[in-house]
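Reviewing the structure listed below.
The values are calculated or read from the model by the stated rules, or taken from the named source; none is laboratory data. Quick caveat: nothing in here was measured; it's all calculated off a predicted structure. As a convention, Cβ positions derive from the backbone with ideal geometry for all residues, glycine included, and neighbour counts pool all protein chains shown. These accessible areas exclude ligands, DNA and RNA; they are computed on the full protein's heavy atoms, side chains included. Shrake-Rupley method; radii C 1.70, N 1.55, O 1.52, S 1.80 Å.
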Amino acid sequence: MNSTTGQWWDEGKFGLFIHWGLYSLLEGEYKGQRTDNIAEWIMHDLDIPVEEYRNLASSFNPTSFDADAIVRLAKQAGMKYVVLTSKHHEGFALYHSKASTYNSFEATPYKRDVVQQFRQACDKHGLALGLYYSQAQDWDDPDACRDGYSEEGRDFSSYLARKCIPQITELLTEYGPIALLWLDTPMYMTFEQAKQLQTVIRGLQPDCLISGRIGHGLGDYMTTGDNFIPSVAYHRPFEVPATINSTWGYNKSDTNWKSTAKILRSLVKVVSRGGNYLLNIGPRGDGSIPKESLTVLKEVGSFMEKNAQSIYGTKALPLYPYDIEWGYFTAKKGKLFIHIFENKEEAYLLNIANKPLRCYRLSDGLPLSLKERTTCEGDSSWLIRLPPREEGEIDQVICVEIEEDDVVFEPITG
Ligand code: GLC
């Protein structure tokens, strides 16, 4: 187990990000003008005046929203935690904040606390609850950061004391154990200000993880760039935040949906390099989830139902010396999992130094033949006979139990 993160994080590997706010009502368009950037940035990108934007709150009445159904969906997809945007850059809070009335409980006809609903659903279904909080940017507050604008005329420390710290304090005192605080876009927050925030968080909930985007290296793990997967293994904890299409908040014009195969292979790549994968959904303003996201999550769930052991509790692998396109590896103590992306009859692998003990299809334990030999060129090799694909199966996972605890790949020699 890792010293800074903890068991749910190290073993869970997979979480659901939920971007939801007033921007979701706009669906990427305001007064006939479309945004070509991520939809939750619409207020900023289309320069919507604060008072006009605030009016959106009077239309926030999400009749199709169901926190329990979203958490069940995450659980069925094999995810172990959810991270909800409790307040995004727009400044609107999805909970009953006393520090600012600009929230779902007080400023909308909905009059409900969304964080509280997720708390209950996560407790019921056994998932960890994490909260996203935009600590530096708050486009509703004249003193907070705003991308593209200088600090001049803004008193960031006033915003920090008036809104940011009081709201974070509320989130960490009124909703039980928060597994993770997902801070974002630190911008020009100084080391002292970030440190002050870290001290507040640690003081209230010492076990609450802090995302890398607190800035100044003060996070408990590294947060990669959005949708950026490290090309090599990292031996300190990291998380890759990822979208299913190209936006975080709902945008009706974004039809750039990734296939389930692509999402699954990203998950496999991320965990094989030692990270966690935080996959996003952007509910609409009425709380409903786009059907394309539902399909991906359900299909990922069918994979996880049979193959989750090739994901949970896995560790970063050493670099395999060959660039194979038909598959990828994950591994944990005494086991190598080979994820096969193509419909093939056999998998031929060179340069694995481990001693194979048993080889089987992970989904049902079907024994498979694995022939081990040293090639005439002098390299170790494995030849595994693969069973035919099953109906609807996207990727097949083969488990090879090995004599050693750790997987060892040989370098290319000769
Ligand atoms: C970016 C964006 C933001 C999104 C986040 C997710 O930093 O500012 O809108 O919430 O990435 O990783």
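Quick rundown of the values:
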{"read-out": "The one condition in (1) open to solvent by less than 10 Å² (accessible area, probe 1.4 Å); (2) in contact (Cβ under 8 Å) with a residue 40 or more places away in the chain; (3) not hydrophobic (A, V, I, L, M, F, W, C) that Asn103 fails to fulfil", "value": "(2)"}
{"read-out": "Leading residue by the ranking (farthest from Tyr175 (Cα to Cα)) among those in region 195-228 that are hydrophobic (A, V, I, L, M, F, W, C) and within 16 Å of the ligand (Cβ to nearest atom)", "value": "Phe228"}
{"read-out": "Failed criterion for Asp66 (all others in (1) open to solvent by 10 Å² or more (accessible area, probe 1.4 Å); (2) modelled with pLDDT under 95; (3) under 22 Å from the mean Cα position of the chain (by Cα) hold)", "value": "(2)"}
{"read-out": "Per-region count, region 256-279, residues over 23 Å from Ser310 (Cβ atoms) and touching a residue at least 24 places away in the same chain (Cβ under 8 Å)", "value": "1"}
{"read-out": "Checking Ala93 against (1) of a type in the set (A, V, I, L, M, F, W, C); (2) more than 16 Å from the ligand (Cβ to nearest atom); (3) more than 24 Å from Glu292 (Cβ to Cβ), the condition it does not meet", "value": "(2)"}
{"read-out": "Region 223-242 residues that are free of Cβ contacts under 8 Å to residues at least 12 places away in the same chain, paired with ones that are assigned to a strand (DSSP E or B) and surrounded by 21 or more Cβ atoms within 10 Å (Cβ to Cβ) (beta carbon under 9 Å, 6 or more apart)", "value": "Gly225/Val240; Gly225/Pro241"}
{"read-out": "Conditions (1) of a type in the set (A, V, I, L, M); (2) under 22 Å from Thr260 (Cα atoms); (3) not in a loop (DSSP other than H, G, I, E, B); number of the one not met by Val400", "value": "(2)"}
{"read-out": "Among the residues listed as Gly274, Gly287, the single one being surrounded by fewer than 24 Cβ atoms within 10 Å (Cβ to Cβ) and closer than 26 Å to Asp66 by Cα", "value": "Gly287"}
{"read-out": "Any helices (runs of 4 or more DSSP H) falling wholly within region 132-220 and containing at least 1 residues that are surrounded by fewer than 14 Cβ atoms within 10 Å (Cβ to Cβ) and more than 25 Å from the chain's Cα centre (by Cα)", "value": "156-159, 191-204"}
{"read-out": "Close pairs from region 367-393: first under 15 Å from Leu350 (Cα atoms) and in contact (Cβ under 8 Å) with a residue 40 or more places away in the chain, partner aromatic (Phe, Trp, Tyr) and open to solvent by 70 Å² or more (accessible area, probe 1.4 Å), Cβ under 8 Å, at least 6 apart", "value": "Ile384/Tyr348"}
{"read-out": "Thr330 open to solvent by less than 20 Å² (accessible area, probe 1.4 Å) and in a loop (DSSP other than H, G, I, E, B)", "value": "no"}
{"read-out": "Test: residue in region 372-381 that is at pLDDT 95 or above and β-branched (Val, Ile, Thr)", "value": "no"}
{"read-out": "Single match in Leu25, Leu16, Leu56 (criterion: crowded, with 22+ Cβ neighbours inside 10 Å and more than 20 Å from Val300 (Cβ to Cβ))", "value": "Leu56"}
{"read-out": "Members of region 110-165 that are touching a strand residue (DSSP E or B) at 6+ places or on another chain (Cβ under 8 Å), among the basic types (Lys, Arg) and free of Cβ contacts under 8 Å to residues at least 60 places away in the same chain", "value": "Arg119, Arg154"}
